[in-house]
Each structure stands twice: as C-alpha cells, then as structure tokens.
Amino acid sequence: MTDKIVIDVKNIYKTFGSFRAVNDFSFSVNEASCFGFLGPNGAGKTTLMKMLYGKAICDKNKNTSINVFGYNPLENELPIKYLSGIVPQQNNLDEELNVLQNLFIFSKFYGIKKTEAQKRIESLIDFMELTPKKDSKIKHLSGGMQRRLVIARSLLNNPKLLILDEPTTGLDPQVRHLIWNKLRQLKKQGVTILLTTHYMEEAFQLCDQIIIMHNGEKVISGSPQALLKKDIESYVLEIFYNNQLQDEKTIDTSKVRLEKIEEKRLLYSNDINALQEISEKLQVGDYYLRQSNLEDLFLKTTGRGLNEK
Amino acid sequence: MKNNQENYPSFIKRVASVWYRHFRVYVRDFISNAMPPFVEPMIFLGGIGLGLGTYILDMNGQSYSQFLAKGLLVTSAMFTASFECTYGTYIRMEYDNIYDGMLAAPIRVFDLLFGEILWAGTKGMFFSTAVLSVFVSFGVISLESCLIAPIIGFFTGIMFSVLSLLFTSFVNNINYFNFYFTGIVSPMFFFSGIVFPTTNLPSFLQPIIEFLPLTHSIRLIRRVSSGEINNLLLLDVLYILAFCIIVGYLAIKRLNKRLID
C-alpha cells in the first residue's frame with residue numbers, strides 16, 4: 001500500500017442556521033485505503049462526505065482547505081465527481097427506468113461511449129449479482145438489490161474514489177458480506193474508499209483507519225485494531241441486572257472499571273481472570289463475558305444518551 | 001483502465017444527457033404521453049365547431065374555431081411545460097430524489113436545470129406541433145400561415161418552465177401547486193387573448209395584460225399567421241427572451257440553494 005495522500009481536508013466547518021454540523025474538522029486519506037467515519041446520527045458524517053464533492057458547501061473560513069485528488073470542490077466539483085463513485089445514504093435510483101436503463105442513463109452522464117458502456121454495465125450487474133433482474137423495475141427490487149444497483153452505478157466510471165454513506169444499513173447479513181467482499185476487491189485494485197457506518201463490525205472488517213466523530217468533531221482516530229488496544233480494556237463483563245451483583249463495593253477498581261447504565265452493570269478489564277472471578281458468583285444467563293469491540297469504544301467515546309433531540 | 005479526470009463531459013454533453021434522461025422516460029410511455037395533444041384539439045373541434053362556434057359567427061374576420069385554434073397552439077405548450085416543471089420537478093426533487101442521484105455524476109445544478117428547461121421547451125414544441133397537425137388536417141387553419149407555431153411553442157414552453165421552476169423553488173408542499181394553476185395559469189388562459197381579443201378589456205387592465213408571458217406568444221402567432229408583421233413584434237420577441245433569461249436566472253439560483261446544502 002502506498003502512503004500517497006489523496007484526500008486532505010483541513011479545518012473544515014459547516015453551519016446550518018445556528019447549528020454547527022461540522023466543527024474544525026481535519027483528516028487525510030491515503031491512496032487505496034479504506035477510511036471510515038463512525039458516529040451517532042447527527043454527528044456530521046454525511047455532511048462531511050457531501051462537502052467533498054460539492055453537494056454541500058462548507059462555511060467560508062480562511063483556514064479551510066480541501067483537496068480531493070488535487071481538486072478543490074469549491075472551485076470545480078466536476079473532475080471530483082468524474083473520478084468518484086458516490087453511494088448516498090438514501091437510494092436514489094430512477095424509478096421511471098428499469099435496472100439496465102438506470103445504468104445506461106448514468107453512463108451518459110459520464111460521457112461513456114455506448115459500446116464501452118454496454119460492456120461495463122454487463123460486467124457490473126454480473127459483479128453485483130443482479131443479472132437475473134436486469135430488466136426489472138426498480139420498485140420490484142428488494143432493498144438489498146437496490147443497494148447493490150446503487151453501488152454498481154457508482155462503479156460505472158471506474159472510480160478512483162468511492163464515497164459510501166452507510167452502504168449496508170438495513171441489509172441482511174448475506175448481502176452485507178457480499179458487499180464487503182466486493183469492496184475489499186475494489187480496494188485491492190487501488191480504489192480509495194470513504195465510508196460512514198453505524199456497524200462497528202463493518203468498520204472493523206473494511207477500514208484501515210477510522211475516525212469516531214461526535215457533534216461535528218473528531219473524538220478519536222486511528223486503525224481499529226490500535227484503537228481497541230489503546231482506548232478500551234480488552235474484556236467486558238456485562239451483568240444485566242444490578243441486584244445480581246451484590247458486592248459492588250468489593251470490586252477491585254485498580255483492575256476493573258465499572259460502568260452503570262440504569263440497572264445494567266458493565267465491568268471492563270484487561271485481566272480476564274478478574275472478570276471471571278466475579279462472573280463465577282453469578283447465575284448462567286445473567287451475565288455475558290466477552291472481548292471488547294468497537295461498539296464498546298464507540299459508546300465510551302460518544303456517550304450512551306440518544307443524540308437526536 | 002486509464003481514467004483521466006479532466007475528461008468529464010462538456011457543458012453541451014452534460015445538458016444533452018439530462019435532456020436525454022427526460023426524453024427516455026417520456027417515450028417509454030409514448031402512446032399515453034402523446035395522446036393528449038392529438039386528442040384534445042379534436043374534442044375542442046367538436047365542442048366549438050358543433051356547439052359554441054355556431055353562436056359566434058365572426059371573430060376579427062375569421063371563424064371562432066379558427067380564432068381559438070390559434071390560441072390553443074400556445075396554451076398546449078403552456079400547460080405541458082407547467083405540469084412538467086411543477087409537479088414533475090417537485091416529485092423528481094422531493095419524492096424520487098432523482099436530482100440527488102444525478103448530482104452524484106459529473107453534473108452541476110446549472111446543467112441539470114438547463115437540461116430540464118430545454119426539455120420543457122422541447123415538449124412545448126412537440127405539443128404545439130401536434131395541435132397544429134390536427135387543426136391543419138381538419139382544415140381549420142392552413143399550414144403555411146402557422147409554420148411559426150413550433151418555434152413559438154418551444155419558447156412558450158421555456159417561459160412556463162422557468163416560471164414554474166421559480167414557483168417550485170418556493171413550494172414545500174405539493175398541494176401548493178393549486179395556487180399556481182388556479183392563480184396564474186388559468187387567468188392567463190382567459191386573459192391573454194386566447195379566447196377573446198384583449199382589446200375588449202378595460203384600458204386599466206392593459207398594462208397587466210402586457211405583463212403576462214402568454215400575451216406575447218399568442219400575439220406573435222396571430223400577427224404572423226395573418227401576415228401583419230411589423231417592427232412592433234420585436235418587442236414581443238424581446239419580452240420573451242428577457243423573461244426566459246431573468247426568470248430562468250432567478251429560478252436556477254433559488255433551486256441551487258435548495259439542492260446544495
């Protein structure tokens with residue numbers, strides 16, 4: 001993998017009325033890597049993505065600079081859109097056209113010649129396993145198929161950059177794994193991928209680097225593995241009801257961190273033996289001892305409250 | 001595969017591809033979409049020729065069928081462009097998210113709306129031509145006198161598409177288009193010289209009538225078809241061009257704000 005930086009964003013701001021959606025945000029992405037944005041709803045992930053290809057315009061600020069493959073979306077978004085494939089959060093297929101026509105019309109938007117377009121469309125619907133549905137109306141596709149078609153559409157112009165806003169939200173595990181495999185193949189071919197997701201599993205599977213953001217700001221960033229190692233204990237003991245944990249005060253807080261969420265107790269530790277000792281006094285089924293994951297880290301850094309008011 | 005990012009399509013190709021999208025969708029249901037401009041003038045011929053026309057024998061030296069037929073050449077363009085760029089645009093923008101999809105491709109809001117306006121102009125031209133062909137084949141008007149109709153239809157389509165887009169830029173509830181059709185389109189149908197000559201209206205209304213876009217389309221058709229061509233018609237042409245540019249500019253500017261966060 002090269003270390004060539006292809007996206008470089010510095011001190012970007014975005015305000016909607018009095019609401020600051022993105023606040024002094026900076027990041028850079030290496031070529032052919034997968035970069036993930038995690039954060040609760042309303043954290044500013046989508047807005048951030050949109051600002052990269054001119055769908056949203058960032059606030060005027062003298063410290064702001066955006067560079068996407070050598071182009072500034074504020075000056076000319078067209079080359080950026082030409083080299084990018086964009087998968088928005090909401091499917092926006094043309095319901096007045098069928099599967100093939102959707103792709104064909106889009107190939108015209110990119111100025112792809114007809115014979116070349118036919119070749120690419122055929123290989124893309126095959127790649128996304130949509131060939132049996134090629135003459136179907138959009139309405140007759142399942143959510144997973146529509147998503148695959150939107151991804152196929154984003155690949156029409158052999159993009160160097162893929163911008164995926166929650167590509168697998170609401171899809172079944174089979175489709176998710178299929179999409180993950182396809183994305184890994186594309187990364188191998190040298191495509192740079194930007195991704196937002198709520199699935200910690202997805203970030204862990206695909207991303208080389210992640211940023212957890214909250215209220216438009218960066219909370220932590222790094223590779224998923226490094227973050228797990230550095231920012232959260234290795235193991236968690238979940239105890240579902242506090243009355244099962246009678247000796248709360250006897251817990252050795254030098255080894256175990258206790259978190260209380262209403263009736264639930266969460267005990268974090270790098271020492272699995274310490275947690276095991278506690279769990280032995282509990283009934284099977286009242287607790288869950290496991291390795292910590294990105295979701296724990298996510299909740300630790302962004303808090304447990306609901307973020308949409 | 002080599003992929004040079006400077007190779008994004010030119011402005012003309014971008015606009016043409018947007019136009020083509022609308023064309024493709026339109027011809028998909030061509031029979032049902034193309035029926036109204038052919039059938040409606042026939043219904044009109046029945047209603048006027050057999051009914052109302054027998055009461056009004058002379059209208060500025062022509063039969064009432066003839067008088068009204070010339071009006072319908074432009075109102076058909078007005079209606080089709082108005083529907084296209086009110087309900088059509090609103091549904092594409094707010095319900096189907098078609099524009100969001102298109103804006104992910106190398107297309108700017110300006111390209112998108114320019115293509116949309118051209119498409120509405122094309123539909124206006126098609127509707128005027130269809131209506132003309134019916135009236136000519138039934139012998140109501142002569143082809144030579146109204147050869148200008150497709151061009152007027154095109155510009156009438158453009159005028160009503162930019163006006164509709166401007167109205168749409170203010171709308172955030174699809175039912176508000178009732179205000180547009182009842183408050184703007186219907187009065188124009190009756191007070192722009194389509195169903196009766198506007199010279200019959202009180203003089204204080206005349207400036208208002210001159211302000212309406214349809215007045216100028218219909219005047220051009222009537223004067224050119226009756227051979228009364230003079231320099232004053234240049235004012236109508238100028239009005240139409242100015243209207244397209246000014247209202248078009250405002251509509252695109254306002255919709256740009258709506259489509260870009």
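The angle separating the long axis of helix B:30-44 from the principal Cα axis of greatest extent in chain B is about 20 degrees. Axis of helix B:213-225 versus longest Cα principal axis of chain B: the two differ by about 50°, to the nearest ten degrees. Working note: 222 nm ellipticity from helices only, DSSP H runs with n ≥ 4, each -39,500 (n - 2.57), summed and divided by the residues of the protein assembly as shown, gives -14500 deg cm²/dmol to the nearest 500.
Relative contact order for segment A:164-231: 27 percent, from Cα pairs under 8 Å spaced at least 6 residues apart, divided by residue count. Once backbone amide H atoms are built at 1.01 Å from N, A:ASP286 has no partners under 5 Å, excluding neighbours fewer than 5 places away on the same chain. For the peptide A:102-115, the mean number of other protein chain Cβ atoms found within 10 angstrom of a residue's Cβ is 5.
When only C-alpha pairs under 8 Å and at least 6 residues apart count, what is the relative contact order of chain A, in percent?
Working: 547 pairs, mean separation 62.8, N = 309.
Taking the mean separation of contacting Cα pairs over the length of chain A, I get 20 percent.
As a rough footprinting exposure proxy, the listed residues A:GLU295, A:GLU262 were ranked by other beta carbons within 10 Å of their own, and the order from fewest upward is A:GLU262, A:GLU295.
With a threshold of 31 Å on the Cα-Cα distance, the over-threshold entries among A:LYS55/A:LYS229; A:LYS62/A:LYS187; A:LYS60/A:LYS229; A:LYS218/A:LYS264; A:LYS60/A:LYS108 are A:LYS55/A:LYS229; A:LYS62/A:LYS187; A:LYS60/A:LYS229; A:LYS60/A:LYS108.
Which net charge results when you count Lys and Arg as +1 and Asp and Glu as -1 among the other residues whose beta-carbon is under 11 Å from that of A:GLN90? Around A:GLN90, the surrounding residues sum to -3.
Backbone phi angles across segment A:77-94, fed through the Karplus curve with coefficients 6.51, -1.76 and 1.60 (θ = phi - 60°), yield HN-Hα couplings of 7, 5, x, 5, 5, 5, 9, 10, x, 10, 10, x, 4, 9, 4, 10, 6, 7 Hz in residue order; Gly and Pro are listed as x.
With Rh defined as the Kirkwood radius, the inverse of the mean 1/r over Cα pairs, the Rg/Rh of segment A:171-309 is 1.04.
Please report, largest first and rounded to whole Å, the three semi-axes of the ellipsoid equivalent to segment B:1-133, where each semi-axis is the square root of five times an eigenvalue of the C-alpha gyration tensor.
Numbers: eigenvalues 329, 38, 29 Å².
Largest first, segment B:1-133 gives 41, 14, 12 Å.
Phi angles of segment A:275-291 translate, via the Karplus equation with coefficients 6.51, -1.76, 1.60 and θ = phi - 60°, into HN-Hα couplings of 6, 4, 4, 5, 5, 4, 7, 9, 6, 4, x, 8, 9, 9, 9, 8, 6 Hz per residue; Gly and Pro are given as x.
Taking amide H atoms as placed 1.01 Å from N in the peptide plane, the amide H of A:ILE220 lies under 5 Å from those of A:ILE212, each 5 or more residues away in sequence or on another chain.
Summed over all non-identical Cα pairs, the Kirkwood treatment of segment A:45-166 gives a radius of 15.3 Å.
From other protein chains only, count the Cβ atoms within 10 Å of every residue's Cβ in A:85-96, then give the mean. Let's see the in-between values first.
Details: counts 2, 5, 1, 5, 1, 3, 3, 9, 4, 9, 7, 11.
So the per-residue partner count for this stretch is 5.
Taking the C-alpha atoms only, the angle from helix B:11-28 to the longest principal axis of chain B is near 60 degrees. Taking 19 Å as the straight-line reach from the Cα of B:LYS70, the lysines in range (excluding those fewer than 8 positions away in the same chain) are B:LYS123.
Every Cα-Cα pair in the protein assembly as shown was counted, and those over 31 Å apart are 59% of them.
Its relative contact order, with pairs defined as Cα atoms under 8 Å and 6+ residues apart, puts chain B at 23 percent.
Where does each of B:153-165, B:210-222 land if you order them by average Cβ count within 10 Å, highest first?
Numbers: B:153-165: 28.9, B:210-222: 21.9.
Ranked by mean Cβ neighbours within 10 Å, highest first: B:153-165, B:210-222.
For the options A:LEU237, A:LEU161, A:LEU194, a Gaussian network treatment of chain A with springs between C-alpha atoms closer than 10 Å singles out A:LEU237 as fluctuating the most.
Of the cross-linked pairs A:LYS45/A:LYS160; A:LYS4/A:LYS300; A:LYS137/A:LYS188; A:LYS45/B:LYS257, which ones have a Cα-Cα span greater than 26 Å in the structure shown? Spell out each step's value before the answer.
On the way: A:LYS45/A:LYS160 21 Å; A:LYS4/A:LYS300 32 Å; A:LYS137/A:LYS188 33 Å; A:LYS45/B:LYS257 21 Å.
Pairs exceeding 26 Å: A:LYS4/A:LYS300; A:LYS137/A:LYS188.
Just order A:216-228, A:103-115 by mean Cβ neighbour count inside 10 Å, highest at the front, would you? Show your work: numbers first, answer last.
Details: A:216-228: 16.8, A:103-115: 19.3.
Per-residue Cβ counts within 10 Å, averaged per peptide and sorted highest first, yield A:103-115, A:216-228.
Highest mean first, how do A:150-157, B:201-208, A:176-183, B:15-22 rank when packing is the count of other Cβ atoms within 10 Å averaged over residues?
Values: A:150-157: 23.5, B:201-208: 9.8, A:176-183: 17.5, B:15-22: 21.2.
Taking the mean over residues of other Cβ atoms within 10 Å, the ranking is A:150-157, B:15-22, A:176-183, B:201-208.
None of the figures in this text is laboratory data; all of them are computed from the coordinates on show. Keep in mind that this is a model prediction, so the values were computed, not measured. Neighbour counts run over all protein chains shown; Cβ positions are idealised from the backbone, glycine included.
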